[in-house]
1. Output the residues belonging to segment 46-71 that are touching a residue at least 40 places away in the same chain (Cβ under 8 Å) and at negative phi.
2. Restricting to segment 85-100, count the residues that are assigned to a helix (DSSP H, G or I), open to solvent by 20 Å² or more (accessible area, probe 1.4 Å) and not hydrophobic (A, V, I, L, M, F, W, C).
3. If we keep just the residues of segment 135-176 that are small (Gly, Ala, Ser), in a loop (DSSP other than H, G, I, E, B) and farther than 17 Å from MET114 by Cβ, which is most open to solvent (accessible area, probe 1.4 Å)?
4. Given the residues GLU103, GLU82, GLU115, which is the only one that is over 30 Å from SER204 (Cβ atoms), acidic (Asp, Glu), open to solvent by 80 Å² or more (accessible area, probe 1.4 Å) and not in a helix (DSSP H, G or I)?
5. Restricting the search to segment 4-47, which residues are assigned to a loop (DSSP other than H, G, I, E, B) and under 15 Å from LEU207 (Cα atoms)?
6. Exactly one condition in (1) polar (S, T, N, Q); (2) closer than 19 Å to ASN173 by Cα; (3) not in a helix (DSSP H, G or I) is false for ASN108; which is it?
7. Criterion first (open to solvent by less than 10 Å² (accessible area, probe 1.4 Å), out of contact with any strand residue (DSSP E or B) (no Cβ under 7 Å at 6 or more places or on another chain) and at pLDDT below 95) does ILE187 satisfy it?
8. Looking for whichever is open to solvent by less than 40 Å² (accessible area, probe 1.4 Å) and acidic (Asp, Glu) here; the options are GLU217, GLU228, GLU212, GLU196. Which one fits?
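The values are calculated or read from the model by the stated rules, or taken from the named source; none is laboratory data. What you see is a predicted model, and the numbers here were worked out from it, not measured in a lab. A quick note on method: Cβ atoms are made from the backbone with ideal geometry, for glycine too, and the neighbour counts reach across all protein chains shown. Heads up: the accessible areas ignore ligands, DNA and RNA and are worked out on the full protein's heavy atoms, side chains in. Shrake-Rupley method; radii C 1.70, N 1.55, O 1.52, S 1.80 Å.
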Amino acid sequence: MKELITIQNLNKRYGKKQVLKAVDLSLYSGRIIGLLGPNGSGKTTIIKILNGLLKDYQGQILVDGQSIGKHSKKIISYLPDEPYFENWMTTSDALHLFQDMYEDFDLNKALLLMEKMGIEKKIKIKQLSKGMKEKFQLILVMSRKAKIYILDEPLGGIDPAARELILDTILNNYDDDALVLLSTHLIADIEKIFDEVIFIKEGSIILHQNSEDLRMERKASINDIFKEEFRC
């Protein structure tokens, strides 16, 4: 296993409000890691910092041994929790955009996944339902041969019947030596794929542990442990 993300003493403020407090994390290749916490806990802030979208922070972050910049952007495949594309674009436009932007993008894999999920080529993105748009974005992100996948709420708009297909798409489309960091509120639906979980509360990491060890230790599911920790 290789250490792919190193975070040391990360602090972030929005005005007077401190949203991240002395965050330390070491995340390794070959793991699917759940980043879990209630709204406003700091999950999306960490994700945006790792993707170079927020720069005004204190602390040190290394991605694959290097500071955030060109190299990290090249090796991270990022699924935000908001739409990627303009509505006037077609699915083919989006495929070609990814092909132009990322040399590790596998067009054939993307087309196969689109066929599997019933998404047409050349259809306008505005004609897709919210769930279909989210499936399409996930297809694009998982069709890259990246070292790190960062997925922010990949099940957000997906109906319960399709969630198993989405989990299979995540599990079957990343290299064994890649790192998947996944933020979600739907813990019960997705906890079975986690190798590790991180609980974040009010900007601080309160738990980071191997999932199976945690279940054995607490004799409960990750979802139940989460509810207990956050009293929700």
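1. ILE46, ILE47, LEU50, ASN51, LEU54, ASP56, TYR57, GLN58, GLN60, ILE61, LEU62, VAL63
2. 4
3. Just the residues of segment 135-176 that are small (Gly, Ala, Ser), to begin with: 143, 146, 156-157, 161-162.
Cutting the leftovers down to in a loop (DSSP other than H, G, I, E, B) gives us 143, 146, 156-157.
Among the residues that remain, those that are also farther than 17 Å from MET114 by Cβ are: 146, 156-157.
On the way: ALA146: 7, GLY156: 49, GLY157: 25 Å².
So the residue we want is GLY156.
4. Working: GLU82 fails: over 30 Å from SER204 (Cβ atoms); GLU115 fails: not in a helix (DSSP H, G or I).
Result of the check over GLU103, GLU82, GLU115: GLU103.
5. Our first condition is that a residue be assigned to a loop (DSSP other than H, G, I, E, B); within segment 4-47, this holds for 15-16, 29-30, 37-42.
The answer is GLY37, PRO38, SER41, GLY42.
6. Answer for ASN108: the failing condition is (3).
7. no
8. GLU196
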